[in-house]
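The values are calculated or read from the model by the stated rules, or taken from the named source; none is laboratory data. As the structure is a computational prediction, the values presented were derived from the model and not from experiment. FYI the Cβ positions are ideal-geometry reconstructions off the backbone, even for glycines, and counts take in every protein chain you see.
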Amino acid sequence: MRINSNKFLNKTESLNFKGFEARKLQGIITNGCYGDEKLIKELEEIAKQNGLILYNSSSAVLPWVQDRTFINSKGKVFGSDLPVCEFSKFKGLDTEGTNLTFYDGGNYFQVKNKNGETLLLSGAVNFLPDDICEVGSGFHHGKFDKDFCCDRIVKVPQADFHLDLFLTPIGDNKILLCDDDLTIQYIEKMLQNAKKYLSDEKGKQILKSRLKILSEELEGFLQQFKINKYILDSAIRNKSNDSLSSLSDVEKVLKDEGFEVIKVPARIYSYGYNAGGYSLSHDLNYANAVTFKNNENEVVILTNKSRLNRQFGITPEISDILGTDFEKMFLDSVDGYVKPENIFFLEGRRLPEELKNSKGGLHCISLEIPDFSSDI
């Protein structure tokens, strides 16, 4: 969830930590999107399959878990006293309450590079001038080598207001990175295959009728996304939005640090004035995900379901004709890195709407509790 403005960027260090790349977990803490019982059941089933504890806090103490409490790589819990109490059942955690300012949760990831360094990937917006870092501002200055147990901090350009809306570390020196052009290519592939079927004399008429409507609606949707992308690209290029950078800038930083960047069609957005500034609002976002490794050391991704397949009436039969759909395109893009059966699209009653309207998805409402006996 967005709780701070992205207006200021400079060289001052702001050091706090929120997410681990994919590693073995003890469990997950969530508030289940303010008591979304359907989502909680989805998470409970996955936790059971993987031998994890799922702790659901229905209180307002942890409304957006990633923003209220964080854990460093040595198992020390930081936050105010009440949230820290929620962690008492997990082993290996130092739950001595530390009263600190709340933090922006999705804008930090701890990862290991190929040289074995522990890095803190920190969104560029976290580097704020000292004179605006007031108490309660949501930012904290400290020494990352002491509190956050990292060898180095890496400043990552901001392609959205939080890192977890455009990149996902999956361990083993690999990071998934959104690619808007790739998303457009997949949608264009859907349209091409739909039109091919419509021109096929052997095609079933009932499917042709559905595909004709789908093609018209999808064409309009694609054109609007291209317009949104053009407006965003122009704002970045002309520096009319000095908070946001391009995905290519992000890719360069990650590659310069030696990471393998895997491009994925993982976001669809509109760009406009919202809540006091220009920002992105998502119809689809798979980057905002909880990732971990299961007992077989395989990467598991829990991410947000989009309602676009349902919106356009894309059934499994029509997906076969189109050659892909709004979920399969993500599955295909990570083929060879993550098994399709290890990717879960979670919806609950309201998660897609929360992502679009509140700018917070599954990663924002969940906090991974690592198994500190295993390495990241």
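Tabulated data for the structure shown
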read-out	value
Conditions (1) over 18 Å from Asp164 (Cβ atoms); (2) of a type in the set (Asp, Glu); (3) modelled with pLDDT under 85: number failed by Asp104	(1)
Subset of the range 332-360 (residues that are out of contact with any helix residue (DSSP H, G or I) (no Cβ under 7 Å at 6 or more places or on another chain) and hydrophobic (A, V, I, L, M, F, W, C))	Val334, Val338, Phe345, Leu355
Looking only at the range 110-131, and only at residues there that are part of a helix (DSSP H, G or I) and at pLDDT below 85, the one that is surrounded by the fewest Cβ atoms within 10 Å (Cβ to Cβ)	Asp131
Strands (runs of 3 or more DSSP E) wholly inside the range 274-341 containing at least 2 residues that are in contact with a Leu (Cβ under 8 Å, 6 or more places away or on another chain), over 30 Å from Arg210 (Cα atoms) and in contact (Cβ under 8 Å) with a residue 12 or more places away in the chain	290-293
Subset of the range 348-371 [in a loop (DSSP other than H, G, I, E, B) and either crowded, with 19+ Cβ neighbours inside 10 Å or at pLDDT 95 or above (or both)]	Gly348, Lys359, Gly360, Gly361, Leu362, His363, Cys364, Ile365
Restricting the range 165-223 to residues that are surrounded by fewer than 14 Cβ atoms within 10 Å (Cβ to Cβ) and of a type in the set (Val, Ile, Thr), the residue that is nearest to Leu254 (Cα to Cα)	Ile213
Answer residue from the range 321-347, given it is charged (D, E, K, R) and over 26 Å from Ala47 (Cβ atoms) and is surrounded by the fewest Cβ atoms within 10 Å (Cβ to Cβ) among those	Asp332
Some residue of the range 341-361 being in contact with a Phe, Trp or Tyr (Cβ under 7 Å, 6 or more places away or on another chain) and under 30 Å from Lys195 (Cα atoms)	no
Index of the failed condition, Tyr271 passing every other in (1) on the phi < 0 side of the Ramachandran plot; (2) at pLDDT 95 or above	(2)
Meets criteria (at pLDDT 95 or above and over 18 Å from the mean Cα position of the chain (by Cα)) for Val300	no
Subset of the range 1-30 (residues that are in contact with a helix residue (DSSP H, G or I) (Cβ under 8 Å, 6 or more places away or on another chain) and at pLDDT 80 or above)	Gly27, Ile28, Ile29, Thr30
Strands (runs of 3 or more DSSP E) completely within the range 148-200 that count 3 or more residues being β-branched (Val, Ile, Thr)	152-156
Extreme residue, nearest to Ile184 (Cα to Cα), among residues of the range 200-232 that are acidic (Asp, Glu) and in contact (Cβ under 8 Å) with a residue 24 or more places away in the chain	Glu219
Search result, residues across the range 246-271 that are free of Cβ contacts under 8 Å to residues at least 24 places away in the same chain and in contact with a strand residue (DSSP E or B) (Cβ under 7 Å, 6 or more places away or on another chain)	Lys255
Hits in the range 67-85 (condition: on the phi < 0 side of the Ramachandran plot, modelled with pLDDT of 75 or more and of a type outside the set (A, V, I, L, M))	Asn72, Ser73, Lys74, Lys76
